Amino acid sequence: MEAMRTVAGLMEISAITAPKAVGQNFVVTATIEGDDIKRLAADMAAYGDESGKKNFDRDGANVANSSAVFLVGLKDATAPGLNCAACGHPVCLSVNSGEQNGEFLGPQCAVRLLDMGIAIGSAVKTAQMLNVDNRVMYRIGVSARRLGMIDADFVMGVPLSVSGKSIYYDRK
């Protein structure tokens with residue numbers, strides 16, 4: 001649907017132009033449509049089965065019924081040198097180690113994670129202003145990264161839908 005591509009494009013603008021610490025941008029975005037949505041949904045259910053983690057199948061069903069999925073991630077985010085210790089290290093890491101510590105690479109700088117959160121909030125605000133139903137989902141990011149749908153170290157996904165009632169709430 002052409003309108004959904006436009007919405008996703010405007011969401012990308014919102015995410016990229018959202019304020020970032022010391023004016024440095026490590027936020028990356030991608031949009032998934034068509035058959036890639038089905039692949040993503042299937043992988044979410046499969047990952048839930050493999051890992052024993054719940055609700056990957058539920059969120060995957062939401063994804064399967066979406067028109068598009070907007071992805072937001074961090075890629076090679078360096079710390080801004082604030083030495084705030086929020087990441088657990090007393091001194092900022094010059095570069096995140098890129099260790100696979102579960103589903104994402106890390107550790108990640110807490111300030112950069114806030115940058116990403118602000119970018120996500122800005123993107124979903126844009127979708128909402130355009131009356132497009134959406135919901136931020138961590139589980140989407142796990143599978144999108146596994147499938148190489150976005151080149152990012154940490155990822156969250158935002159499925160998009162236009163229907164008479166939001167499919168992302170009042171779920172089982």
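The values are calculated or read from the model by the stated rules, or taken from the named source; none is laboratory data. In this text, all values refer to a predicted model and were calculated from it rather than measured experimentally. Cβ: placed from backbone, ideal geometry, glycine included. Neighbour counts: every protein chain shown.
Would you confirm whether or not the stretch 55-66 contains a residue that is crowded, with 20+ Cβ neighbours inside 10 Å, of a type in the set (A, V, I, L, M, F, W, C) and at pLDDT 95 or above?
Yes - at least one qualifying residue is present in the stretch 55-66.
When ASP170, ASP115 are checked against the criterion of being touching a strand residue (DSSP E or B) at 6+ places or on another chain (Cβ under 9 Å) and either more than 21 Å from LYS54 (Cα to Cα) or at pLDDT below 95 (or both), ASP115 stands alone in meeting it. Within the stretch 132-154, identify whether any single residue is aromatic (Phe, Trp, Tyr) and either in a helix (DSSP H, G or I) or farther than 15 Å from GLY73 by Cβ (or both), and answer yes or no. The answer is yes, given that some residue of the stretch 132-154 is aromatic (Phe, Trp, Tyr) and either in a helix (DSSP H, G or I) or farther than 15 Å from GLY73 by Cβ (or both).
Considering ALA41, ALA79, ALA45, the condition of being closer than 15 Å to VAL142 by Cβ, crowded, with 16+ Cβ neighbours inside 10 Å, of a type in the set (A, V, I, L, M) and more than 16 Å from the chain's Cα centre (by Cα) is satisfied by ALA45 alone. For the stretch 116-150, enumerate the residues that are under 19 Å from GLY9 (Cβ atoms), among the charged types (D, E, K, R) and surrounded by fewer than 16 Cβ atoms within 10 Å (Cβ to Cβ). Across the stretch 116-150, the qualifying residue is only LYS125.
The sole residue among ASN131, ASN96 that is of a type outside the set (A, V, I, L, M, F, W, C) and modelled with pLDDT of 95 or more is ASN131.
When THR31 is tested against (1) surrounded by fewer than 24 Cβ atoms within 10 Å (Cβ to Cβ); (2) more than 20 Å from ASN131 (Cα to Cα), exactly one condition is not met: (2).
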